[in-house]
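Quick notes on the structure that follows.
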Amino acid sequence: MTSQPVAPHPHHVDPSTEQSLSIWFFVGVLMLSCGGIILTQGIYEFWHPGSTVLANLHPAFWWGLLMTAFGLFYTLRFRPGKG
Amino acid sequence: MPAVFIPAAPIPAIMLLAATQLTHLAPIDVAILLLYFAMVLFIGFYVKSAANTSEQFFLAGREMTAWIAGLSFVSANLGSLELMGWAGAAYQYGILATHWYWIGAIPAMLFLGVVMMPFYYISKTHSVPGYLQLRFGEGARGLSGVCFAFMTILMSGVNMYAMAAVMQVVLGWNINFSMWVGAITVAIYVMLGGLRSAIINEVLQFVLIWAGAMLIPILGLIEAGGWHNLMAQITLRMGSEYTHLWSTTGSFAANPMGVHWTGIVFGLGWVISFGYWTTDFLVVQRVLSANSLRSARMAPIIGSAFKMFVPFFVILPGLLALVLLKDPSGHLIQLYPDGSDMVLHHGAYNYNQVLPLMMIRYLGPGLLGLGITALVAGFMSGMAGNVSAFSTVWTYDIYGAYINKKASDSHYVSMGRWSTIAGMAVSVGTAYLVRHAASIMDYVQALFSFFIAPLLGTVILGMLWKRATRAGGFWGLLSGTAASIAMFVWVKTDMHNLRFVAMSPNAQPMAENLYRALWSWVICVVVTVIVSYCTKATPEAQLNGLVYGCTVIPSDGATRLYQKPLFWAIVVATVLFILNLWLW
């Protein structure tokens, strides 16, 4: 191949600066969506306990809560148009 | 370490052909899986507009930050074959399996960032075969390019079949359905967005795997009563050799893996690890996408910091299963080697099923969907990584180098998109081939390893020794690869020959990989040195930007201590040292 690469990008940029959506925004949305679903299931399991080992610790609720918080932070922090 | 280096613990044909369905997904599990597929496809369409030039399509425009390149770098290797295979290896061999994540990865990643990356980066190469062309000429590029492209596309097919087969075993899904859905999805998002699309999805996969797999060791440690109780129970049941990293490696017979520390240090820690992490274009391509020299140097170091903690959710579940995996009546479930009589005729589980079994043990609806999605993401990411690397090497180092040298940039981008489709089609063919002759999978994985160890010798000598000549590089690479194949065939035809390759009658198959890699590297280096001294040296002026000692490495712009890659490399190395001492 004859064409040589152009010089490295002159600025230390996140790819999001050349598009409107950041990679971290995608991460946030995915975690927020999955976390929301799991959190909902976790709340449901307070009244309908699951049959898995250590279900009494309500892992779906706590893990879902953690993912939702993580996803919410990244979604808001890297939302389109911010910064 | 990649699945290609675990012939003793690949996903076996037996597991793949098992008919028993382990569990099923609830509607919310399916919702999580569909959400992931929708996002992956959206990303492919979304980034298409930013993949119009060859630089954008094949190297993501060289715009990635150190964090994104670093996570992608480690994620490209974090495939589901690897997760399941090494969780099974931990069950089989104990904590020794951790070596493949620590000494078998971290030093090489740090070396790539601190020493090698400047040469890859400032040489402006598009690929590892491209670097070989600059340093050793067309012969070395042609040999490495063809071998890499061929092996990569076969590995993509193996990943595809493995995903479909695991989904069949775990969830009872139709194998054709899984293969085609996976192949079409990956083909769409890589064809549209090139490396940028693959990298974004690898970062997503990285987060998904951590989110989906971290809960198993957390709940497992709670159930076991903490780390010390777990170690005590494993020692009681299996012996202390299952809980020590180094103290049992003084002899082949003293540890369940049947390896000696020399094999671990020199075979795994040096040749295999450095060969894979510093010369396999599948992972190096991710770092080449970095937006500056400092980002390119920091990316592998960031990746190594995360890699160091992967054993927490890969090795630990295997260890936990040794004492916690029980049937409904409370009896420990015993897993057996692949292909054993118990697995074949009595419906017992095999080692590689340990991770899905632990998922089912702890993860209810929703969480199980997350775990399964993480596995699917890992498989798809593995396919995408292979196909995007294939597309680059095919277009730059085969098509652009030998078939059509003077096409326009847009033509090469089109070729990249079409080769993605073609590569995926070949992968599908390979997957069906593996389906009908599952032993092919072992050979494909072994084939890949033939090339990596000698390639390390060629690249290292190329970068660090200016006297290495073009003829030396080519013949060293060729002879090292040929020697590796010859040793593989020699042992395959008669297992007793293993004692000569591994230098001990007590050596186990795992030791063969370590010593075969070591010997093929030694042969490559020796031949390269001899041929180089017999041929005319390359003028130093032609080595500028390619070889240590002939190159003024530009400043990476780091002024403060915390900005310097070397500082962070030392921090990671120190933590690694402490962890090894802790589990000595």
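Being under 25 Å from B:Trp568 (Cα atoms), part of a helix (DSSP H, G or I) and touching a Phe, Trp or Tyr at 6+ places or on another chain (Cβ under 6 Å) holds for only one residue in B:Gly269, B:Gly303, and it is B:Gly303.
Residues are listed down the side, and each one gets a yes or a no for (1) charged (D, E, K, R); (2) under 26 Å from B:Ala348 (Cβ atoms); (3) within 11 Å of chain A (Cβ to nearest Cβ):
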residue: B:Met160; (1), (2), (3): no, no, no
residue: B:Gln168; (1), (2), (3): no, yes, no
residue: B:Phe177; (1), (2), (3): no, no, no
residue: B:Gly182; (1), (2), (3): no, no, no
residue: B:Ala187; (1), (2), (3): no, no, no
residue: B:Met191; (1), (2), (3): no, no, no
residue: B:Gly194; (1), (2), (3): no, no, no
residue: B:Phe206; (1), (2), (3): no, no, yes
residue: B:Pro217; (1), (2), (3): no, yes, no
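Before we move on, is B:Val170 over 26 Å from B:Ala105 (Cα atoms), part of a helix (DSSP H, G or I) and touching a helix residue (DSSP H, G or I) at 6+ places or on another chain (Cβ under 8 Å)? Judged against the criteria, B:Val170 is a match. Every condition in (1) within 14 Å of chain A (Cβ to nearest Cβ); (2) at pLDDT 90 or above is met by B:Ser304 except one, and the failing one is (1).
Per the listing B:Ala305, B:Ala299, B:Ala253, the residue uniquely touching a residue at least 12 places away in the same chain (Cβ under 8 Å), hydrophobic (A, V, I, L, M, F, W, C) and in contact with a strand residue (DSSP E or B) (Cβ under 8 Å, 6 or more places away or on another chain) is B:Ala299. Only one of these is closer than 21 Å to B:Gly94 by Cβ, in contact (Cβ under 8 Å) with a residue 12 or more places away in the chain, more than 10 Å from every other protein chain (Cβ to nearest Cβ) and in a helix (DSSP H, G or I): B:Gly318, B:Gly371. Name it. Answer to the selection: B:Gly318.
Within the range B:385-399, residues that are surrounded by fewer than 24 Cβ atoms within 10 Å (Cβ to Cβ) have Cβ atoms under 6 Å from residues that are of a type in the set (A, V, I, L, M, F, W, C) in these pairs: B:Tyr399/B:Met415, counting only partners at least 6 apart in sequence or on another chain.
For the range B:531-544, residues that are of a type in the set (A, V, I, L, M, F, W, C), loosely packed, with under 14 Cβ neighbours inside 10 Å and part of a helix (DSSP H, G or I) total 2. Is it true that some residue in the range B:414-422 is surrounded by fewer than 24 Cβ atoms within 10 Å (Cβ to Cβ) and within 11 Å of chain A (Cβ to nearest Cβ)? There is at least one residue in the range B:414-422 that is surrounded by fewer than 24 Cβ atoms within 10 Å (Cβ to Cβ) and within 11 Å of chain A (Cβ to nearest Cβ).
Please go through the range B:339-365 and give me each residue that is more than 14 Å from every other protein chain (Cβ to nearest Cβ) and touching a Ser or Thr at 6+ places or on another chain (Cβ under 7 Å), ordered by number. Within the range B:339-365, just B:Gly347 meets the criteria. Say we look at the range B:540-571 and pick out the residues that are at pLDDT below 95 and either among the acidic types (Asp, Glu) or under 30 Å from B:Met231 (Cβ atoms) (or both); which of these is nearest to the chain's Cα centre (by Cα)? So the residue we want is B:Asp556. Being more than 9 Å from chain B (Cβ to nearest Cβ), out of contact with any strand residue (DSSP E or B) (no Cβ under 9 Å at 6 or more places or on another chain) and closer than 15 Å to B:Leu363 by Cα is true of A:Phe61. One residue alone among B:Val271, B:Val259, B:Val284 is touching a helix residue (DSSP H, G or I) at 6+ places or on another chain (Cβ under 7 Å), more than 14 Å from chain A (Cβ to nearest Cβ), within 17 Å of B:Leu71 (Cβ to Cβ) and modelled with pLDDT under 90, and that residue is B:Val284.
Working only within the range B:36-57, note down all residues that are part of a helix (DSSP H, G or I) and facing another protein chain (nearest Cβ under 9 Å).
Start the filter on the range B:36-57 by keeping residues that are part of a helix (DSSP H, G or I), which leaves B:36-50, B:54-57.
Result: B:Tyr36, B:Met39, B:Phe42, B:Ile43, B:Tyr46, B:Val47, B:Ser49, B:Ala50, B:Ser54, B:Glu55.
The values are calculated or read from the model by the stated rules, or taken from the named source; none is laboratory data. Predicted model only: the values in this text are computed from it and were never measured. A quick note on method: Cβ atoms are made from the backbone with ideal geometry, for glycine too, and the neighbour counts reach across all protein chains shown.
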